[in-house]
Amino acid sequence: MNTKIVIIDDHQLFREGVKRILDFEKSFEVVAEGDDGSEAIGIVEEHQPDVIIMDINMPTTNGVEATRLLVEKYPDSKVIILSIHDDENYVTHALKTGASGYLLKEMDADALVEAVKVVADGGSYLHPKVTHNLVNEYRRLASEGTGTTGAYGQVEIRRPLHLLTRRECEVLQLLADGKSNRGIGEALYISEKTVKNHVSNILQKMNVNDRTQAVVVAIKNGWVEVR
């Protein structure tokens, strides 16, 4: 079955560009479009999409407010927020209202496709740059809270070789560095498909739901460096 997608963005040219990228995927079907968050509930009621791609800045009802209203009425809604803002406050606010993903508009086509696939499967997806910023903020707050650098500032990094293979440890470090699947593949000279397999194994072994959780757990345990 195809993944049914709705795009809501007030910039027609950008919306058309996103649709064009998604149309290249045979398993994707863009079933409707809208240009304001106020249309979200009506569009979802009519088309029952699997994933909603929502711009954060729109004139009448912004994407975060539209997501909140949508999730209140349809708790199973899977929304990916599109934004120009990489500040962690925007990200955390969007996630608290029920968004399943957060992408920067500087994304490449691969990131968009990957995000839709992950969110459609019930996971969460954050743009790699956003993940890195969140992790750094998490680390800063933890250090301030303890009054010391604590586990986050430790010099010795203990790779979790009791849990992951050496290659998986390398992939986990690159996830913490904010690398996309393509970036990890280029760094390790392996294919994106192999990277995806490694990431899937890491999530399963660490018993977490998504990449961000994996990175946060890894930092807390001193398994990766925050660079």
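The values are calculated or read from the model by the stated rules, or taken from the named source; none is laboratory data. Since the model is a prediction, treat every value here as computed from it, not as a measurement. Counting neighbours? That spans all protein chains shown, and the Cβs are built from the backbone with ideal geometry, glycine included. Please note that ligands, DNA and RNA were not included when accessible areas were found on the heavy atoms of the full protein model with its side chains. Shrake-Rupley method; radii C 1.70, N 1.55, O 1.52, S 1.80 Å.
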Does residue 197 qualify as being touching a helix residue (DSSP H, G or I) at 6+ places or on another chain (Cβ under 7 Å) and either surrounded by fewer than 16 Cβ atoms within 10 Å (Cβ to Cβ) or in contact (Cβ under 8 Å) with a residue 40 or more places away in the chain (or both)?
no
Just give me the residues in the range 69-91 being in contact (Cβ under 8 Å) with a residue 24 or more places away in the chain and in a loop (DSSP other than H, G, I, E, B), in sequence order.
74, 77, 78, 84, 85, 86, 87
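Can you tell which of 66, 32, 94 is of a type outside the set (Ser, Thr, Tyr) and part of a strand (DSSP E or B)? It would help to see each step written out before you state the result.
Values: 66 fails: part of a strand (DSSP E or B); 94 fails: part of a strand (DSSP E or B).
Matching residue, one of 66, 32, 94: 32.
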Looking only at the range 97-131, filter to residues that are at pLDDT below 85 and out of contact with any Lys or Arg (no Cβ under 9 Å at 6 or more places or on another chain); which one of those is nearest to residue 11 (Cα to Cα)?
127
Of all the residues that make up the range 203-227, how many are under 16 Å from residue 158 (Cα atoms) and part of a helix (DSSP H, G or I)?
8
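Among the listed residues 114, 106, identify the single one that is surrounded by fewer than 17 Cβ atoms within 10 Å (Cβ to Cβ) and either touching a residue at least 12 places away in the same chain (Cβ under 8 Å) or of a type in the set (D, E, K, R) (or both). Step through it out loud before you land on a result.
Numbers: 114 fails: surrounded by fewer than 17 Cβ atoms within 10 Å (Cβ to Cβ).
Checking each option against the conditions leaves just 106.
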List the residue pairs whose Cβ atoms are under 7 Å apart, where the first residue sits in the range 156-168 and is without any contact (Cβ under 8 Å) to a residue 12 or more places away in the chain, the second is not in a loop (DSSP other than H, G, I, E, B), and the two are 6 or more positions apart or on different chains.
161/169
Here's a check for you: in the range 179-190, which residue that is open to solvent by 60 Å² or more (accessible area, probe 1.4 Å) and in contact with a helix residue (DSSP H, G or I) (Cβ under 7 Å, 6 or more places away or on another chain) is modelled with the highest pLDDT?
182
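So, of the residues in the range 6-31 that are in contact with a Pro (Cβ under 7 Å, 6 or more places away or on another chain) and more than 20 Å from residue 114 (Cβ to Cβ), which turns out to be modelled with the highest pLDDT? Steps first, please.
Applying the first criterion (in contact with a Pro (Cβ under 7 Å, 6 or more places away or on another chain)) to the range 6-31 yields 6, 10, 31.
Retained after the next criterion (residues that are more than 20 Å from residue 114 (Cβ to Cβ)): 10, 31.
Values: 10: 93, 31: 96.
Among residues in the range 6-31 that are in contact with a Pro (Cβ under 7 Å, 6 or more places away or on another chain) and more than 20 Å from residue 114 (Cβ to Cβ), the one modelled with the highest pLDDT is 31.
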